[in-house]
Structure formats: structure tokens, C-alpha cells
Amino acid sequence: MSYLNTFFFGIYPYIALAVFVIGSVIRYDREQYTWKTGSSQLLESKKLKQGSRAFHIGIIMVLLGHFVGLLTPAEIWHVFGIEAGHKQLIAMTLGGVFGLICFYGLTILIKRRLFEPRIRATSSNMDIAILLLLYVQLILGLLSIFVSANHLDGTEMLLLMSWAQNIVTFDLTEATAAITQVHWIYKLHVALGMTLFVVFPFSRLVHIASVPVQYLSRNYQVVRSKS
């Protein structure tokens, strides 16, 4: 088990990030035409809008919560008077609310992708696989809330924070030692999260890296009526 922990939580994160960065650069350089969401809105828009809005609101807030929660040192939380137990309750509450919003939206999108004939006909295997991977990851995250409820002192959350922060500082020994002690559901959640980084360059997820900021400064389009 120690070898598995070392690989998946000490080495695999760097492999995943390397594939994420290098793969994304290569795809953008060689296949810019494929760097898109491949929207199917023209085939069906009502369910797409309903599911997409909820999914994007939920996932953005969940990812922001993960980023801030895992990478902010505990000492900074203490400055604001937030102890580990309080932080865990906040994470469970906000993660649960936005996780359910995301779950609602993603359920609609998966049902639409699988059971709308025209959408299914234009979907690639990767389109379906990435939705299902996100679905499993989201379900694991929601289930982990129930596990967290059994230790409200925040000890396992501190271990996960230690893992993430030591990965950032390239301290593999400390990172592996920290995450070895946590519940298996957290480990599975982390490993699958790293796997999503691996598949990122090969899926429609690449559109995340193309925020249309140029729209804020572009000239207005002038449309003249026929005289």
C-alpha cells in the first residue's frame, strides 16, 4: 500500500500536471480547430441551457472552494478566527449546496447526451466519457460530506490541506505521509481529480482555458437594414 500511496499521491500528480500542460500546448499548437466545446445548441437548446447553467455555477464554486480551501495555509484561517472544525463545517455546507446544484445540472446534461437521439449521434466517445467521469467525481465529493460528518474536528481536512500544499512545494515525502492517513473516499476523489487533468487535453474541457476576454474590448458589430 505504501508504494501505491507514493505513486498515486506523490508521483501521479506531477505526471497528471505534465500531461495537462504539455498536452494542452501541443493540441493548441497543432489542432486549434478542435479547441472548442463542440456545442450542440442548434440541435437542442432548452435542456442544454437548463443543465449548463446549473452545472457551470456549481462547478465554478466547487473548484474555487477546493482551490482556496486546500491551498490556503491553516495559519491564515486562524488569523480570521476560523479553526479547523469551523472551516470544515463551512466547506461541508457550501460544498454540499453547490455540489447539488452541479449534480442537478450535470444529470440533465448526461441524460440529454445519452437519450436525445440527435445529440447522441453527434457525440464522441470522449464526450460521453468525460461527462461520466465528472459525474463519478461529483458523486464521490458529495459522499465525502457524510464521511466528514463523522470527524467534525477537521483533522482529515488538515491532512488533505497538508498533502496539497506539500505537492505545491515539491515535498513528496510529507505529502504522501499526510494523505496516507485519510479515508479511502478522499483518496479516490483525489486520484480521479488528477485523472481529469490527464484527459483534459484530449477532451472538450480545453474550452475552459479559452475565456473570451476579448469580447470586453472588441468593436460592436454594426448591422444595417436593407434600404
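The values are calculated or read from the model by the stated rules, or taken from the named source; none is laboratory data. Owing to the predicted nature of the structure, the values given are computational and were not obtained by experimental measurement. Positions of Cβ are generated from backbone atoms using ideal geometry, with glycine treated the same way; all protein chains shown enter the neighbour counts. All accessible areas refer to the heavy atoms of the entire protein, side chains included, with ligands and DNA or RNA removed. Shrake-Rupley method; radii C 1.70, N 1.55, O 1.52, S 1.80 Å.
Points to keep in mind about this one:
- Hey, LEU106 over 30 Å from PRO73 (Cα atoms), open to solvent by less than 20 Å² (accessible area, probe 1.4 Å), part of a helix (DSSP H, G or I) and aliphatic (A, V, I, L, M) or not: yes
- Residue-level check: of (1) open to solvent by less than 40 Å² (accessible area, probe 1.4 Å); (2) part of a helix (DSSP H, G or I); (3) out of contact with any Leu (no Cβ under 7 Å at 6 or more places or on another chain), THR173 misses just (1).
- Number of positions in segment 67-99 that are within 17 Å of TYR135 (Cβ to Cβ) and free of Cβ contacts under 8 Å to residues at least 24 places away in the same chain: 0
- In segment 41-79, of all residues being in a loop (DSSP other than H, G, I, E, B) and under 24 Å from ILE145 (Cα atoms), the one that is most open to solvent (accessible area, probe 1.4 Å) corresponds to PRO73.
- Residue match in segment 145-153 (condition: small (Gly, Ala, Ser), open to solvent by less than 30 Å² (accessible area, probe 1.4 Å) and under 21 Å from the mean Cα position of the chain (by Cα)): yes
- VAL182 being closer than 18 Å to ALA18 by Cβ and of a type in the set (A, V, I, L, M): no
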